[in-house]
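Structure record follows, encoded as structure tokens.
Since every read-out is calculated from the coordinates, none of them should be taken as a lab result. A quick note: this is a predicted structure, and the numbers were derived from the prediction, not measured. All Cβ positions, even for glycine, are placed from backbone atoms using ideal geometry, and neighbour counts span all protein chains on display.
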């Protein structure tokens, strides 16, 4: 009965490859997010979708493309992986896209690019 | 200037100690404020929201000073299980994106 789940938990791949990370939430929330936590532990917003519509798109290389097939899922596809993409990627969800709701985070996907 | 700044620590304290963490934020239009907790190699989890009037949850007390753009977290009677990284988090108001500080690491020892 995991609230926000991500797959895979670990991903090790070579530079130049294309990979996807999947996220699902069973909380009935309308809004989902992708965050990146780099080696210096800074956690930074990348994207947010509300009911399958993109509402936040921070300055992220266009090699990163989020896709939301329905409001319970938000996947992240990364093309032409680079060494600097190595990080932990967290998916999160909140009930509505306002400023006061708690965001619930998934367990993270640890991506290592060799 | 970073949007949310925290003293990274680490803070090493004995069980039973009282410890205080501070945080400053740069955007005076910020609307909501939180403390999240992150255990090693785990996801962040909400510890408590922070209100202008100050709020308390058991051993934890959070304060907000909007004039000084300053947030604090006080932990009383520290437990071993309080060892974690405490993230100061601000929502700037325009979009529902959380802005995280780098976190303050607390280590409580017996």
inquiry  = Once you compute Rg and the Kirkwood Rh from C-alpha atoms, what is the Rg to Rh ratio for chain B?
reply    = 0.96
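Kindly work out what percent of the DSSP beta bridges joining two residues of chain A are antiparallel, to the nearest 5.
Antiparallel: roughly 90 percent of the beta bridges in chain A.
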note = Dividing the alpha-carbon radius of gyration of segment B:1-46 by 2.2 N^0.38 Å, where N counts its residues, gives 1.41
ask   = Could you give the alpha-carbon Rg of chain A over 2.2 N^0.38 Å, rounded to two decimals?
value = 1.00
note = Restricted to the protein assembly as shown, the DSSP antiparallel beta bridge percent, nearest 5, is 90 percent
key: Debye intensity ratio I(q)/I(0), log10, the protein assembly as shown, q values 0.08, 0.12, 0.13, 0.14 Å⁻¹ (C-alpha model)   = -0.29, -0.66, -0.77, -0.88
remark   = Per residue of B:36-43, other chain Cβ atoms within 10 Å number on average 4
